[in-house]
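Below: one structure, written as structure tokens.
Please treat every number below as a calculation from the coordinates, not as lab data. In this text the structure is predicted, and so the values were computed from the model without any measurement. Positions of Cβ are generated from backbone atoms using ideal geometry, with glycine treated the same way; all protein chains shown enter the neighbour counts.
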Amino acid sequence: MSRGMTGGKTGGVTGGMVIAVDGPAAAGKGTLARRLAAALDFAHLDSGMLYRAVAAKLLQAGADPADPSAAAGIAESLVAADLGRDDLRHEAVSQAASQVAVIPAVRTALLAFQRDFAEHPPGGKKGAVLDGRDIGTVVCPDAAVKFFVTAEVGVRAARRHKELIESGEESIYARVLHDLQDRDARDSAREISPLRAAQDAVRLDSSKLGPEAVFEAAMDLIASKSAS
Ligand code: C5P
């Protein structure tokens, strides 16, 4: 996938400040990343949407999400409009996204887009917040500030279950918990770019802190980094 520019080394040197937010599913990293981007007037990329878009297109084509050549072909030809599909949050797509995410050629195809976004934030913004699994470790290893947002799996499952119910979808807590555990296992065990906190990432536990306190702690850290 291309934004019409080449990707390169990244960390915020050429494009302003880059903030990396990683963590497992439903830990609150998306909420934190969106709030940081709004508060700082930075561009925001939810990198999970790239993997979800590849998965949704594969499912739509009736292909197997574990088929490396089909998945790589779709990742290489992904266009921005694919990120606007309305089925990207469906549970089948979530599972398939974590299957395509283990395929090295898919990760390579999506890497340049993410780095380019970080280096050249759209809309002339002076920085970028990227959230995902490997932003601080692989995509933007030189990011100025890195967060790793976690929460106990039962708390994450309860949160996701509530979101689904509130959005009018059917949901069974035990199933949501099982699906999250499956995805965590696949995301953590894969050989390439596994879910892992970067050594220099600051850990924030959203089950202990709550979203407001997570945001405040993150903003304090960014302010201290910007001042130094
Ligand atoms: O973050 P989200 O839950 O939307 O991501 C969907 C899936 O995409 C994850 O379970 C993971 O397998 C994959 N992903 C990834 N690397 C990223 C972002 C997402 O492997 N940077």
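Net length available on complete extension from VAL79 to SER224 is 48.5 nm, with 0.36 nm assigned per residue and the Cα-Cα distance removed. For the stretch 81-119 versus the stretch 135-209, the spacing of their alpha-carbon centroids is 16 Å.
Which of rounded, prolate, oblate describes the stretch 23-116, given a ≥ b ≥ c as roots of the alpha-carbon gyration tensor eigenvalues and a/c under 1.5 marking rounded, otherwise prolate only if a/b is larger than b/c? Prolate, since a/c reaches 1.5 and a/b exceeds b/c. The modelled label-to-label distance for the pair THR108/SER207, using points 7 Å beyond Cα in the direction of Cβ, is 3.8 nm. Using the rule -39500 (n - 2.57) for each DSSP H run of four or more residues, divided by the residues of the chain, the 222 nm mean residue ellipticity is -16000 deg cm²/dmol.
Just checking the listed ones, ALA26, ALA174, ALA143: in the Gaussian network model of the chain with Cα springs under 10 Å, the one fluctuating most is ALA174. Taking every alpha-carbon pair under 8 Å whose residues sit at least 6 apart, the stretch 6-227 reaches a relative contact order of 34 percent. Computed over the alpha-carbon atoms, the stretch 67-193 gives an Rg to Rh ratio of 0.97, Rh here being the Kirkwood radius from the mean inverse distance. Using alpha carbons only, the radius of gyration of the stretch 30-81 set against its Kirkwood radius gives Rg/Rh = 1.15.
Of GLY30, GLY62, GLY16, the residue with the greatest mean-square motion in the GNM of the chain, using alpha carbon springs below 10 Å, is GLY62. When the chain is modelled as a GNM with alpha-carbon springs shorter than 10 Å, which of SER69, SER47, SER206 fluctuates the most? Its mean-square fluctuation being the largest, the pick is SER69.
Can you tell which of SER47, GLY210, PHE117 lies farthest toward the positive end of the dipole of the chain, using +1 and -1 charges on the Cβ of basic and acidic side chains (Lys, Arg; Asp, Glu)? With unit charges placed on the Cβ atoms, the residue in question is PHE117. Here the chain is assigned +1 on the Cβ of each Lys and Arg and -1 on the Cβ of each Asp and Glu. Its dipole about the Cα centre then comes out at about 400 debye. Amide H contacts under 5 Å for LEU45: VAL129, LEU130, ASP131, restricted to partners 5 or more places along the chain or on a different chain, H placed in the peptide plane at 1.01 Å from N. Over the C-alpha trace of the chain, radius of gyration and Dmax come out as 16.8, 52 angstrom. Note on ALA39 and ILE165: their simple-model spin labels are 3.0 nm apart, each label 7 Å out from Cα toward Cβ.
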